[in-house]
Amino acid sequence: MDPGHLKVILLTVILGVQIGCVWHGESADHLWGPTLFRVAAPPDSQAFLAEQAWLPLLVEGGNRWGITIGYFSKLLSVPLAIRQTDGTAVQRHPFSWYALATIPIGSWQMSPFHASIQRVREAEFVAKRIVGIQLSTGLDKEGSNLTFGTSRTSRFWPHSDALYLLEFSSNSPIATRFLVCDAKQNESLEPCLQEVVQ
């Protein structure tokens with residue numbers, strides 16, 4: 001085989017392994033290429049969390065379009081509902097992961113080929129960290145991003161007539177504490193406030 005062709009094939013394989021692609025659908029994100037992810041739910045955490053990370057190139061399509069060169073991480077969170085009478089409500093995890101093959105790396109899982117995340121509910125809190133260049137535009141509530149260098153952004157979409165407690169640190173995103181008490185008609189939030197503060 002011609003050495004020039006061999007170099008082109010080798011470069012194509014290397015780039016193919018390094019490029020991550022995400023298709024943002026209505027109720028699921030489909031991820032191709034190397035992706036790091038982790039999920040947390042009660043009793044291990046005080047929120048429903050899903051975190052994803054990519055390096056060094058990510059291309060997005062679907063409900064959001066964009067390209068990122070560098071490091072990009074995204075945390076999705078849904079609050080843990082509080083019941084005033086019998087403590088923490090038992091809830092189904094709003095994020096379901098399916099992966100073709102995963103490799104455990106500490107608290108993370110690496111999917112080298114394909115993974116998808118099904119969303120039963122939309123995230124109510126999103127935190128992003130970018131180191132590099134990102135240009136993205138979205139038809140969703142997250143809006144558009146233009147980053148050169150380093151940025152950290154977070155977005156929060158609270159319900160009306162609800163009491164929230166949100167504790168978040170970008171240094172330890174998986175330790176996020178996110179609780180909610182939705183008010184019912186003619187109901188006081190005072191008992192829920194006491195439970196959340198404890």
Scan region 73-81 and tell me whether some residue there is surrounded by fewer than 18 Cβ atoms within 10 Å (Cβ to Cβ) and outside any loop (DSSP other than H, G, I, E, B).
yes
Evaluate the following for residue 101: is it among the aliphatic types (A, V, I, L, M), part of a loop (DSSP other than H, G, I, E, B), modelled with pLDDT of 85 or more and closer than 20 Å to residue 30 by Cβ?
no
Filtering region 140-163 for residues that are out of contact with any strand residue (DSSP E or B) (no Cβ under 7 Å at 6 or more places or on another chain) and either at negative phi or modelled with pLDDT of 90 or more (or both) leaves a count of 4
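Determine if region 86-98 includes at least one residue that is within 18 Å of residue 168 (Cα to Cα) and at pLDDT below 85.
Going residue by residue through region 86-98, those that are within 18 Å of residue 168 (Cα to Cα) are none.
No: region 86-98 contains no residue that is within 18 Å of residue 168 (Cα to Cα) and at pLDDT below 85.
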- prompt: Do we find a residue being over 12 Å from the mean Cα position of the chain (by Cα), over 30 Å from residue 182 (Cβ atoms), at pLDDT 90 or above and surrounded by fewer than 18 Cβ atoms within 10 Å (Cβ to Cβ) anywhere in region 44-56?
  reply: no
With respect to residue 15, determine if the residue is modelled with pLDDT under 90, at negative phi and not in a loop (DSSP other than H, G, I, E, B). yes
Reported set for region 143-158 where residues are in contact (Cβ under 8 Å) with a residue 24 or more places away in the chain and part of a strand (DSSP E or B) is 145, 152, 153, 154, 155, 156
Restricting region 159-168 to residues that are without any contact (Cβ under 8 Å) to a residue 40 or more places away in the chain and out of contact with any helix residue (DSSP H, G or I) (no Cβ under 7 Å at 6 or more places or on another chain), the one nearest to residue 107 (Cα to Cα) turns out to be 167
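The values are calculated or read from the model by the stated rules, or taken from the named source; none is laboratory data. Values in this document were obtained by computation on a predicted structure and should not be read as measured data. Every residue, glycine as well, gets a Cβ built from its backbone with ideal geometry; the counts of neighbours run over all protein chains shown.
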